[in-house]
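The values are calculated or read from the model by the stated rules, or taken from the named source; none is laboratory data. For clarity, every value in this text was computed on a predicted model and none was experimentally measured. Backbone-built Cβ (ideal geometry, glycine too); neighbour counts: all protein chains shown. Accessible surface areas use protein heavy atoms only, side chains included; no ligands, DNA or RNA. Shrake-Rupley method; radii C 1.70, N 1.55, O 1.52, S 1.80 Å.
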Amino acid sequence: MWSEMRASVAEKYMKGSGNSALPLTHCCQRSGRWAALSGLAALAAGLTIVVSGTASAQVVSNPPLLPQDVTVFPERDFTSIAGFAPNADVLVQVRRGGVVSDAVGRTDVSGFLEVNHPGGVCWRNVTPDIVPADVVRVTYRDTNNNRSLNPVPVKDSGAATTTQNVTATQAYDAGNNTVVVKGKAQLANGTPIPLTRLEVRIVNPEFIGAPGSRIGKRDIRADSAGGRIDGTNGNPIPGTRGALAYDGTTSSFTAIFSGLNADERLLVVEGQTRVMGWQQTTANGDRLGMTIYEVGALGGPGIGGCPPGPNGVVPPQNPTSPVPYNPAYLLDAAVPANQGSLKDVTVFPERDFISIDGFAAGSELQVVVRRGNSNAPIIGTARGIVGRGGLFEVNHPGGVCWTGQTPDIKPGDWIDVFKVYNMSFNSGQTQQVIDTRVAKAAFVTTLPTGEVVVRVNGTAKNSSGAPLALALTEQRIINPDFNNTRIGRRDIRADTTGGRVENIPGATGRLLRTGDANSPDWRAIYTGLNATEQQLAVAGQSRAMAWHSTNGNGDRFGMTIFEFGEVGGPGMGGCPATGSASIAIPW
């Protein structure tokens, strides 16, 4: 269900390229914005922060020197930063002669920050179109916060990466049990980038567990040493290979994945093709100054609320009319009798994002957002084909855009999802967006008993404005750093049965009604957490979840997830701006 965690992962840099290839840093998942507390001691020991006043302190290393890392994703105009001082204020610039655009932000407890990616910060004024030879430069700012750090990072010191000129086309089945990727990798002087500084990857989480697939990792790799295609036992699959070579003396390359069966080749072709190029490799095999080119990724604002690209916003227009249909023929997710025929449709109103799971791969889906009972109630539409894994998303990286305009989804709106066959309505379902929200994110407080707890305040109402049954609600705090505490998982949960705070005996997450039976207000109270876990809860994201019905197995139907602090609008580059136009239902 948590489709936002299915977003593809692009590892920042890897140590080596053969059997010892293991991630050196976490990166580029939504969860990457919170780093492991358990690694802080080792990280702090390795940080090369120069104390103010030291001679030759203002050094910007290009490529970065470990542990600092600046990784550039030019197709998404996104950069990932790691290895800087914890909780430090930094300036991030894209330089092309002068400064094209910049961003300011504060690293997390591990020195990690992202720009133009969910969980990170926006570029200021304009989202740059990052191109080869652009330098992404990260330096410490002179702020009161930085001056309070120990040691004090020196203003204007830092690291930079020069965007590498690497491109590729989508993988294709070339026959003879091979899948091929074509691409180009060129230095500024026009000569090929050394082959030992290149790697091609195909990323598809469906590799793991799919029928006919022997692949045990979410990616396969091709490089000059023969690459790596791992099985479920973690070892290379016998007879497989990922070969990477230049086409003669040109800067064009070919990656050939061989030894794959028909099911695996189909998964490869359906995955995302990436080519990674870096500026330097250390004697230990560490890759410095990484660029990751992602085939098919869209540039522009990477999160809602970020400024448009250099060509401006995609102006809103009327939504594209859906295929003719009658909402009365859709199965209502609030009716328990319909449960056996419902798919998983989850609405994230704060991000104007919808995740749909369970329709057959290859199905064409129509998604419609309706508001009110006017003659023109449609405010949003989207249509597309379900991928092999059965997941379909709207207004989220890897999914499709809303057409015409991005609707500002609100409680009470209806979300219609149905299959299209030969441009005609086939079958589907509908659900109303539930009015659930976090009124006050997690904070530490003391109960009258003297117990120190974490609390979250929120509300939940049904379609008539009355309190929604607490049994149909749950509160969650998400912070992947919980994994490195006694909890051992990325979230803690509060509900009417005592919630779920893993691995801490006696710890609870209780969801209680605030006020009388006519009040929609609730509070979540987490007990049993130590001081570190409490602070991680405060630093995490507070969510309110509500659904229309539950079956005997505990499955939830018609889910709405409110995410405190998220911003709406276009969820990825190229999607249209938010608009207020509406159109009629085509009968």
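Worth pointing out:
- Test: residue in the stretch 106-113 that is at pLDDT 95 or above and part of a strand (DSSP E or B): yes
- The stretch 446-460, subset open to solvent by 40 Å² or more (accessible area, probe 1.4 Å) and polar (S, T, N, Q), residue nearest to Arg523 (Cα to Cα): Thr446
- Checking each residue of the stretch 535-545 against the condition of being assigned to a loop (DSSP other than H, G, I, E, B), crowded, with 20+ Cβ neighbours inside 10 Å and more than 20 Å from the chain's Cα centre (by Cα) gives no match.
- Considering residues of the stretch 164-177 that are out of contact with any helix residue (DSSP H, G or I) (no Cβ under 8 Å at 6 or more places or on another chain) and polar (S, T, N, Q) only, the residue modelled with the lowest pLDDT: Asn176
- Listed conditions (1) in contact (Cβ under 8 Å) with a residue 12 or more places away in the chain; (2) surrounded by 14 or more Cβ atoms within 10 Å (Cβ to Cβ) are all met by Arg500, apart from (1).
- Residue among Ala160, Ala188 that alone is more than 15 Å from Val275 (Cα to Cα) and either in a strand (DSSP E or B) or modelled with pLDDT of 95 or more (or both): Ala160
- For the stretch 457-504, residues that are among the aliphatic types (A, V, I, L, M) and under 21 Å from Pro336 (Cα atoms) total 7.
- Of the residues making up the stretch 330-383, just one is in a loop (DSSP other than H, G, I, E, B), within 29 Å of the chain's Cα centre (by Cα) and among the hydroxyl-bearing types (Ser, Thr, Tyr), namely Ser363.
- Among residues of the stretch 292-324, those that are open to solvent by less than 30 Å² (accessible area, probe 1.4 Å), at positive phi and either at pLDDT 95 or above or outside any loop (DSSP other than H, G, I, E, B) (or both), counted: 0
- The stretch 461-487 - residue that is open to solvent by 40 Å² or more (accessible area, probe 1.4 Å) and over 19 Å from Thr560 (Cα atoms) and, of those, modelled with the highest pLDDT: Arg486
- Looking only at residues of the stretch 503-523 that are aliphatic (A, V, I, L, M) and either under 25 Å from Gly465 (Cβ atoms) or in a strand (DSSP E or B) (or both), we find that the one that is most open to solvent (accessible area, probe 1.4 Å) is Ala517.
- Scanning the stretch 555-582 for residues that are open to solvent by 40 Å² or more (accessible area, probe 1.4 Å) and small (Gly, Ala, Ser) turns up Gly565, Gly574, Ser580, Ser582.
- Selection from the stretch 188-207 of residues that are in contact (Cβ under 8 Å) with a residue 24 or more places away in the chain and over 16 Å from Gly227 (Cα atoms): Ala188, Gly190, Thr191, Pro192, Ile193, Asn204, Pro205, Glu206, Phe207
- Residues being over 22 Å from Asn165 (Cα atoms) and touching a His at 6+ places or on another chain (Cβ under 9 Å) - total across the stretch 54-93: 1
- Residue in the stretch 396-405 that is out of contact with any Gly (no Cβ under 8 Å at 6 or more places or on another chain), open to solvent by less than 30 Å² (accessible area, probe 1.4 Å), over 29 Å from Arg500 (Cβ atoms) and at pLDDT 95 or above present: no
- Qualifying residue in the stretch 487-496 (condition: over 24 Å from Met559 (Cβ atoms) and not charged (D, E, K, R)): yes
- The one condition in (1) open to solvent by 10 Å² or more (accessible area, probe 1.4 Å); (2) more than 25 Å from Asp286 (Cα to Cα) that Ala171 fails to fulfil: (1)
- Among residues of the stretch 310-337 that are within 15 Å of Val369 (Cβ to Cβ) and of a type in the set (S, T, N, Q), those with a Cβ under 6 angstrom from a residue that is assigned to a loop (DSSP other than H, G, I, E, B) and open to solvent by less than 70 Å² (accessible area, probe 1.4 Å), sequence gap 6+ or separate chain, pair up as Asn318/Gly404; Asn318/Ala581; Thr320/Thr403; Thr320/Gly404; Ser321/Pro586.
- Selected residue (criterion: least open to solvent (accessible area, probe 1.4 Å)) from residues of the stretch 426-445 that are over 24 Å from Ser549 (Cα atoms) and within 27 Å of the chain's Cα centre (by Cα): Ala442
- Selection status of Asp247, among the acidic types (Asp, Glu) and either within 24 Å of Thr71 (Cβ to Cβ) or surrounded by 15 or more Cβ atoms within 10 Å (Cβ to Cβ) (or both): no
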